[in-house]
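Each reported figure results from applying straightforward, stated rules to the coordinates on display, with no laboratory input. Worth saying up front: this structure is predicted, and the values here are computed from it rather than measured. No Cβ is skipped: glycine too gets one built from the backbone with ideal geometry, and neighbour counts run over all protein chains shown.
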Amino acid sequence: MRLHWHRRDLRAADNAGLARASADDPVVPAFVFDTAVLDHAAPPRVAFMLDALDGLRSWYRDRGSDLVVARGDPREVLPELAAEYGADVVTWGKDYSGLARERDADVRQALDAADVAREAVQDAVLHEPGEITTNDGDPYSVFTYFGRKWSEREKDAPYDAPEREALADVEGDALPTLDELGFDEPEADVPPAGTDRARDLLDSFLEDDVYRYEERRDYPADDCTSRLSAHLKFGTIGIREVYEGTAEARSATEPGSDRDSSVEEFQSQLAWREFYAQVLFANPNVVTENYKEYETEIRWNTDERGLRAWKDGETGYPIVDAGMRQLREEAFVHNRLRMIVASFLTKDLLVDWREGYDWFREKLVDHDTGNDNGGWQWAASTGTDAQPYFRVFNPMTQGERYDPDAEYIKRYVPELRDAGAEIIHNWHEASPTQRENAAPDYPEPIVDHSQRREEAIEMFERARD
Ligand code: FAD
C-alpha cells in the first residue's frame, strides 16, 4: 500500500505523484491541514483550498475511495497515517519554496525513523529548478534566456488519473470548516475551485481569448486572461494538461501568424512562473530580502497614511484605486494592475515592497511565493531582471493607455462612474471645482506623482552600487 500526500496538487488527473503512487499498489490519498502552513495562510486561499478539497474528495468518493484528512504537524501525522493504513511508501509532489523544502526534509527524517520509504516527484512545473541553467550551470537571473530554453524543451504529456481499482478502500473524516480552522469569512468573493472549474476556464480561454491574448492581455477591462493562477497555485489542474491544451491551440494556427504568436505569448507566461520558481529555489531568502544588492540600504519611507490609502483604494489615482479595490472585492488583480499598484506603492509612496507583498499575501487567492515575490521585486527594482529604478510607471499614462474609456476604473470605483474618461485620467490636474463637479466623493491625489518620481530616483541613486 502507498500513501499519497496531496499538497499543492488538489486533483486526480495529470498528477505525477499520484500516478506514481498508484502505478503498482493501491493508494491511500491523504491531505494534512499543516498547522505551520495555516499560520501563513489567509481566508481567501483557505476558502479556495477547502472548495478544491471538497471536489477532490467527491472524485475519490465517486470511485469507492475517499480522501483521508488529518490535522497537525506532518512530521507526526504522516508516520501515523502510514502505520494506520499499512503504507510502506509515502509519495508527494515537490514544492520549491524554502519553507516547504525545510518541512519536507523534516518529514523525510520522520519517515526514515518510522521505516517508511518516501518518494518526492516533480509535478508542479514542466521544468524544475536546476534543469534549465546557464552554460555554467547557474540559475538564470534574466528571463529572456531562461524563457528561450524553456520553450525549446520537450514537455511531458499529462498523466492519467488513477483507475478505480488503484484506489484503496478507505473512509475519510469530514473536512473542517473555515471557522474550525480559525479563519474568518473572506472579505472578497472567492472564485469556485476544483478541477471541473479549472478545465472550464482553460477550455473557454483556449476557444477564443488565447488568440487575442498577445494583443489584449494588458487591457484589464477586456478580462481576456485565463484566470488560472489560483488553480495553478493549488494544483486543481495539472501544468502538463494546461500546456498540452496550448500546444493543441497552436497546432490549429498558421506557424508565425498572429494567432500562433499569441498562444506562444501565453506559454511564455507559464515559463515566467517556472522562472520565478527557480529564482526562489536558488535564493530562498528573497521572500524577505532584496534580490539585488545595493551598496547602501534603500531608505524606504514610513507612510502609514499613504499605505492605508493604498490598501483602501483611496489614493486619488483612479487606476491605482481600481486595482486595489479589485483586490479587495475579488481576491484577484489583473496583471497590468499588479504592476501599476506595486510601482505606485514603491515609487510614488516610496514604501518598502515588503509591505505590499504582505498585503497581497493576505488578500490574494492566487498568492504564490515565487510569483508574488518576483512580481513585487520586479516592480520595486530590487529583483531579477528588474524594471530599472529610473523607469517609474506613470499612473495617468498607464490608465490612459490601458483603460482609455475608464471602463475598468468605473467597474471598481463607483464614485467615478459619472465622470468622463478625460477628467478621470487627468484627476491630478483637475481644479477643485472640476473635481467637485465630476465626482464629489472621490479623493484628491495624496501625492504629486512628478515630485515623487524624482524622490524615488534619488532614493535609488543613494542606495545604488
Ligand atoms: P494569465 O495571463 O492567464 O497567465 C497564465 C498563468 O501564467 C498565470 O495563471 C500564472 O501562473 C502565470 N503567470 C502569468 N503572468 C505571470 C508573471 N508575471 N509571473 C509569473 N507567472 C505568471 N501570480 C501568481 O500566480 N501569484 C501571485 O501571487 C502573483 N503576484 C504578483 C504580484 C505582482 C506585484 C505582480 C506584478 C505579478 C504577480 N503575479 C502573481 C503574476 C501575474 O500577475 C498573475 O499570475 C496573473 O495576473 C494571474 O492571472 P491569470 O491567471 O489570468 O494570468
In degrees, nearest 10, range 0 to 90: what is the angle between the Cα axis of helix 258-282 and the longest Cα principal axis of the chain?
-> 70
Residue by residue through the range 2-17, the couplings from Karplus 6.51 cos²θ - 1.76 cosθ + 1.60 with θ = phi - 60°, in Hz, x for Gly and Pro, are 10, 10, 9, 8, 6, 10, 9, 9, 8, 7, 9, 7, 6, 10, 4, x
Degrees separating the helix 195-207 axis from the principal Cα axis of the chain, which is the longest one = 50
To the nearest 20 debye, what is the magnitude of the charge dipole of the range 286-369 about its Cα centre, counting +1 on the Cβ of each Lys and Arg and -1 on the Cβ of each Asp and Glu?
-> 240
Under DSSP loop assignment and at most 10 Cβ neighbours within 10 Å, longest GluC sites (Glu not before Pro)-free interval of the chain = 1-153
In Å, descending, principal axis extents of the Cα set of the chain = 75, 51, 49
Taking the alpha carbon gyration tensor of the range 1-67, what are the square roots of 5 times its eigenvalues, largest first, to the nearest whole Å?
-> 23, 13, 10
Within-14-Å neighbourhood charge of GLN109 [Cβ basis; K, R +1; D, E -1] | -2
Amide H neighbours of VAL121 under 5 Å, counting only residues 5+ apart in sequence or on other chains, H built in-plane at 1.01 Å?
-> TRP92, GLY93, LYS94
ALA174 versus ARG305, label points 7 Å from Cα toward the beta carbon: distance in nm?
-> 5.0
If R0 is 25 Å, what FRET efficiency do you get for THR35 and ARG101 from their C-beta distance, rounded to 0.05?
-> 0.85
Round to the nearest 10 and give me the degree value, 0 to 90, for the angle of helix 143-152's Cα axis relative to the longest principal axis of the chain.
-> 40
Spacing of the two label points (7 Å from each Cα toward its C-beta) at GLU152 and SER450, in nm = 4.8
Please list, or write none, the lysines whose alpha carbon is within less than 16 Å of the alpha carbon of LYS347, excluding same-chain residues fewer than 8 places away.
-> LYS311
Under the rule of -39500 (n - 2.57) per DSSP H run of 4 or more residues, summed and divided by the residues of the chain, what mean residue ellipticity at 222 nm is obtained, to the nearest 500 deg cm²/dmol?
-> -14500 deg cm²/dmol
At a Cα cut-off below 22 Å, give the lysines reachable from LYS155, other chains included and same-chain residues fewer than 8 away excluded.
-> LYS94, LYS233
